[in-house]
Amino acid sequence: MSSSGIHSSIGDSAWPVEEPASPQPRAAKPTAVSSDETVGSDPHEALFEGLTEPQAEAVAHTDGPLLIIAAAGSGKTRTLTRRIARLIADGVPPWQIMALTFTNKAATEMRERALTLLDNVPWRSRGLTVTTFHALCARLLRRYGEVAQADGHPLPVSGDFTIFNSNDQVALVKRVIVGADLSTTNWPPRSVLSAISAEKNKLMTAEKFAASAHDFYSRTIARLFTGYQEALHKANAVDFDDLLVMTASMLQQSAMVRAECQGRWRYLMIDEYQDTNHAQFVIASLLAGDETPERKPNITVVGDPDQAIYSWRGADIANILEFEENYPSARVITLGENFRSTEPILAVADTLIRKNTHRKHKDLFTSKPGGLPIQVHRCRDERHESELVIDWFRALAEGDPAAIGDDGKPERWRDMAVFYRTNALSRSIEDALRAEGIPYTVARGTAFYDREEVRNALAYLRVVANSADDVSLNRIVNVPPRGLGKTSLERLSAHAQQAGVPLYEVLGSTDTIAGVSARAAGAAKGFVQMAEDWTGSGSFLGASVSTSLAELVGRVVDDSGLRKMYQSQAAVAKTESEAERVDNLDELVNSAAAFEEDYDPDADPVTFVAPESGKASEAGASPAPPMLVLLRAYLERVALVADADAVDPSQGAVTLMTLHAAKGLEFGAAAIIGLEEGLLPHSRAAASPIETEEERRLCFVGMTRAMRHLLMTSASRRSQRGVSERTMASRFLEELGTAHVVRTDSTDFGYDPGSDDTPSHQLSAKDRSSALTEAKQLYPVGSKVRHPRFGVGTVEAIEGGASVRAKVKFRETGTKTLVLEYARLEPL
DNA sequence: GCTGAGTTTGTTTTT
DNA sequence: CAAACTCAGC
C-alpha cells in the first residue's frame, strides 16, 4: 500500500511529531524476514530492539491484514505493543489506533509499555484506545446510541444503562422464573442463564428463538429468555452478552455508526484472538471493514490455537483459523521461539499438547538451553499437597540449590504462583500459607466488590445512576431497615408492575396504594427524597450536589445509613469480616477517588475529542466530565473487572489463581495442584473428547506460565464438600512422558486398609514424627552443619510439618529455615 | 417488621 | 462444607 489512501488522509493532520507531519515515505515494505538491512535501516531502530526477525517483521509490516500465530511465551503482547508504538512513531495519530485485550490489566500494561516506547511523552499516546471488548462496547453504546437513533435504529436501552454482572443476572432470572410460575419445577437459574447466553452468543434474539422452539424444553427456555430480556429492558440494563450483541447489531444496522467508527479507528489490533466469540468476531469485522481490491483493512490479530480455553463461553476457534479466508491478502507470521520457559518446561509442555489430535502442530523452541526438570508429586491428601507446595516455595525462596539448581537464583514470593482448576481448591493452600505466615494474594478481581457491604453501597450508586434498576433498588431499599417490609414492598412492586413503571417511580408517587400503610409510604418517599438529594435533581438541595465522585460515594455511604448500620454491627462483631465492613466502605470511597484521579478522558473513546485537522493540537486538560458521566464510567469499570485484574506483582506475595485466570501471565515458579481425574480434566468435560482436549490446553497454558520452576501435584485423597474420597491421578500426568520429569510418590503403597476409618492425617502424622526423630538425631541442636550455598552454620532447631525443617544460623546470611529434604545439609 | 436458629442444597472455568 | 433459604418467635 505504498500509495496509502489511509496515510494520505492523515497527512495534513495536526499530529504533533517532530518528524514531518506528512507521512514520510516509509521504508519499502520489508519483503523478506531474512534481511537485516530492512530492519537495520529503519529510522526507528529502537523499536525493534530485542525482537527476533519474525517479530520485527510483524512490527514493521504496517499495512493490511496481519495474522500472528504466536506460541506460548513468544512475546505476542510485546510484539503487538511495539506495533502500536511503531505506528505512532510513523505518524499515525494514536486516536486512529485501537487495541483490544482480554483483561483490563493487559490493556493497562500495553498502554503503559507503549508509552514507555514512545519516550514517555504523554501526548504521543493521546486518544489511543487500548481496552477490552466489553469495555469498548459499553463505551460505543453510550457514545453512538444517539447516532444510531438518528439513523433509524434506536438501541433497546438508553445511555444511562446499567451493566448486570452474573449475580444480578441470577437475581433477575430468578424473578422471571417466579413470574413464569416455574419456581416449583426444576429450572436452575444458572443453567437457564447459560442456555440463554449460548443463544445470544449466536446473535439469536428471544423472538427468533421462540419461533423456532418446538419441544417442551426449548419452549420453556424461550419463555424465560423472552421474560429475561423484557426484565432487562425494563431495568434499562444489559448483561455481558448484550454489550457485545447490541454493539454488533448497532454496527450492522446503522451505516452512520459504522462509518463513524471505521473513520475513527483505522488500525485495529486484537490480542488472544483464539478466544473471541461470534459477536466479537462480527464487531471486529465491522470495525475493520471488508477487504476489497481497493482497500485492505488494517486489522492485526494475535493468538495461539493451543491456548484456546474459552469455548464454553462461546469462543470460536474458527475465528482465528479462518482469518486468511476472510482477508485473502492477509500476511501470516508465526512466532515460535519461546522466551519465557526453560527447555525442560517447554519440552514437557510440548509433549503434552501433542496429545491433542485436533491440532495443527507448531514447533516450540527455545534458544536458552538448561534448566531443572519439572517435578510431579503424588501427595497423600490436600493438606499434604499444600505443605509440599509451600516447602518447595520456601526452598526456592531460600535459594536452596536442590530446589533452584546449582547456578539458579532464589525466587521472590511475587514470582511464585499456585494454579488450580476450580476456585474451591484455593482454600487448603490459603490455610497453609496463612499458617506459615507467607504473604499471598488470591487473584479474584471481584472479591472486593462481592462483599455484602460493598454490593449494598454499589446498589445505591446504581440506583442513582439509573433509577429504573429494580434489581439494585430491591436490594437496598430497606437496608438499613427503614420500615419498608416485605409485604409493603411486594404491594408496591405489584403496583409498579401493573402501571408498567419502575418501582422507583411508585416509591416517590403520592398515590395511596391499597395495603400500604402510611408509615411505609412515608418511608418510601423519604428514600426517594434522599436519592434525589444526591443527584441534586428536583430539590432545593440542588446546590449541595457533590463535586467529586468520592464525595458522592461518601455521601451515599453516610446518608443511606449504611455506615451507621455497619458501625453498630462492628461493635458486637463475632467474625473478622463483620468488623471490617466499615473499613471496606471507606475503601470503596478510596477506590472512587482513585478512579477519579486516574480517569483519563483522552483514553476514553466517549469523551475523547480528536483535534481538528489543520489546527495545532492542544495537549491541555479536558474539562472535567459531569458527575453522572463519571459515576457511570466508575460503575462500568466495577462491573467489568476481571479476576486477572487483581494480579499485582508489586505486592511481594505469592499469587493464587485458577488456570483460566493465569492466561497471559508468567511466573518464575508455578505449582499446579489438583491434577486428578475429575478435576483436571474436569468431570464435566470427561464425556466429550473435544472438551477433554480443551482441558489439556488448559493444563498446557498453566505449564507454560512457568519460567524456571514447575511443580505439578495430585492428592490420592481429597475432601470435597466435607467428604474425603480416593482419587485417580490425571491422565495428563502420564502424558507428560518421562524426559525432564522427576516423579515422586508420597502415598503409602503396598497394603492399603482401604477403609475410611484410618484418616490419612494419622498415617502422615506417624511418618512425620519418625522423620522428625530421625532428623533430631542426625542434626542435634547446637551441632555444626555445612550447606552447599551458605557454608557452615549452627543448628538452632528442628521442626516438623509436612516435611522436616531445620533452623540454621549461618555466619554470613543469618538464620535460615531449610527443608531437609532439599537442603543437602552435611553434619560436621 | 425483624432476627436468628435450623434446614436444605449444590458444586467449572469468567468478560 | 458452606451458602442460601425457611420459618417460627419476638
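Could you count how many residues in the stretch A:446-477 are touching a Phe, Trp or Tyr at 6+ places or on another chain (Cβ under 9 Å) and within 11 Å of DNA strand B (Cβ to nearest atom)?
1
Can you find a residue in the stretch A:405-427 that is over 19 Å from residue A:744 (Cβ atoms), among the hydroxyl-bearing types (Ser, Thr, Tyr), part of a helix (DSSP H, G or I) and within 16 Å of DNA strand C (Cβ to nearest atom)?
yes
Working only within the stretch A:213-254, note down all residues that are touching an Asp or Glu at 6+ places or on another chain (Cβ under 7 Å) and small (Gly, Ala, Ser).
Hits for the stretch A:213-254 are A:235, A:237, A:254.
Working only within the stretch A:487-502, note down all residues that are among the polar types (S, T, N, Q) and touching a residue at least 24 places away in the same chain (Cβ under 8 Å).
A:487, A:488
I want to confirm something. Restricting to the stretch A:156-173 and keeping residues that are closer than 12 Å to residue A:237 by Cα and surrounded by fewer than 21 Cβ atoms within 10 Å (Cβ to Cβ), which single residue is modelled with the highest pLDDT?
A:156
Test residue A:484 against the stated conditions and say whether it is within 16 Å of DNA strand C (Cβ to nearest atom) and touching a residue at least 24 places away in the same chain (Cβ under 8 Å).
Against the criterion (within 16 Å of DNA strand C (Cβ to nearest atom) and touching a residue at least 24 places away in the same chain (Cβ under 8 Å)), residue A:484 does not qualify.
Quick check: is even one residue across the stretch A:688-705 among the basic types (Lys, Arg), modelled with pLDDT of 95 or more and away from DNA strand B (no atom under 12 Å from the Cβ)?
yes
Say whether the condition of being at pLDDT 50 or above and farther than 30 Å from residue A:318 by Cα is met by at least one residue in the stretch A:13-23. Break it down into steps so the answer makes sense when it comes.
Of the stretch A:13-23, the ones at pLDDT 50 or above are none.
Checking the stretch A:13-23: not a single residue is at pLDDT 50 or above and farther than 30 Å from residue A:318 by Cα.
Do we have any residue at all in the stretch A:169-186 that's under 22 Å from residue A:285 (Cα atoms) and either out of contact with any His (no Cβ under 9 Å at 6 or more places or on another chain) or not hydrophobic (A, V, I, L, M, F, W, C) (or both)?
No, every residue in the stretch A:169-186 fails to be under 22 Å from residue A:285 (Cα atoms) and either out of contact with any His (no Cβ under 9 Å at 6 or more places or on another chain) or not hydrophobic (A, V, I, L, M, F, W, C) (or both).
Take the stretch A:677-700 and flag every residue that is surrounded by fewer than 22 Cβ atoms within 10 Å (Cβ to Cβ) and out of contact with any helix residue (DSSP H, G or I) (no Cβ under 7 Å at 6 or more places or on another chain).
Answer for the stretch A:677-700, where residues must be surrounded by fewer than 22 Cβ atoms within 10 Å (Cβ to Cβ) and out of contact with any helix residue (DSSP H, G or I) (no Cβ under 7 Å at 6 or more places or on another chain): A:678, A:683, A:684, A:687, A:688, A:689, A:690, A:693.
For residue A:98, work out the one condition from (1) part of a strand (DSSP E or B); (2) within 23 Å of residue A:361 (Cα to Cα); (3) hydrophobic (A, V, I, L, M, F, W, C) it doesn't fulfil.
(2)
Could you please find all residues in the stretch A:198-236 being of a type in the set (Lys, Arg) and within 21 Å of residue A:188 (Cβ to Cβ)?
A:200, A:219, A:223, listed by residue number.
When the residues of the stretch A:716-739 are filtered to those that are among the small types (Gly, Ala, Ser) and modelled with pLDDT of 90 or more, which remaining residue is farthest from DNA strand B (Cβ to nearest atom)?
Restricting to residues being among the small types (Gly, Ala, Ser) and modelled with pLDDT of 90 or more, the top hit is A:739.
What's the total number of residues in the stretch A:328-339 that are more than 8 Å from residue A:67 (Cβ to Cβ) and either touching a Phe, Trp or Tyr at 6+ places or on another chain (Cβ under 9 Å) or part of a loop (DSSP other than H, G, I, E, B) (or both)?
Summing the residues that are more than 8 Å from residue A:67 (Cβ to Cβ) and either touching a Phe, Trp or Tyr at 6+ places or on another chain (Cβ under 9 Å) or part of a loop (DSSP other than H, G, I, E, B) (or both) in the stretch A:328-339 gives 6.
Can you tell me how many residues within the stretch A:430-441 are more than 13 Å from DNA strand C (Cβ to nearest atom) and touching a residue at least 24 places away in the same chain (Cβ under 8 Å)?
7
Picking from A:192, A:130, A:176, A:147, which residue would you name as being surrounded by 14 or more Cβ atoms within 10 Å (Cβ to Cβ), assigned to a helix (DSSP H, G or I) and at pLDDT 90 or above?
That would be A:147, the only listed residue that is surrounded by 14 or more Cβ atoms within 10 Å (Cβ to Cβ), assigned to a helix (DSSP H, G or I) and at pLDDT 90 or above.
Here is a list: A:241, A:168. Which entry is of a type in the set (D, E, K, R), within 16 Å of DNA strand C (Cβ to nearest atom) and within 21 Å of residue A:639 (Cβ to Cβ)?
It is A:168.
Any idea how many residues of the stretch A:713-723 are within 10 Å of DNA strand C (Cβ to nearest atom) and more than 31 Å from the chain's Cα centre (by Cα)?
Number of matching residues: 1.
When you go through (1) closer than 23 Å to residue A:470 by Cα; (2) within 16 Å of DNA strand C (Cβ to nearest atom) one by one for residue A:186, which number turns out not to apply?
Going through the list (1) closer than 23 Å to residue A:470 by Cα; (2) within 16 Å of DNA strand C (Cβ to nearest atom), residue A:186 breaks only (1).
Of everything in the stretch A:669-679, what is more than 13 Å from residue A:376 (Cβ to Cβ), within 15 Å of DNA strand B (Cβ to nearest atom) and either of a type in the set (A, V, I, L, M, F, W, C) or within 20 Å of the chain's Cα centre (by Cα) (or both)? Give them in sequence order.
A:679
The values are calculated or read from the model by the stated rules, or taken from the named source; none is laboratory data. Every value quoted in this text rests on a predicted model; they were computed, and no experiment measured them. With ideal geometry, Cβ positions are generated from the backbone for all residues, glycine too; neighbour counts draw on all protein chains shown.
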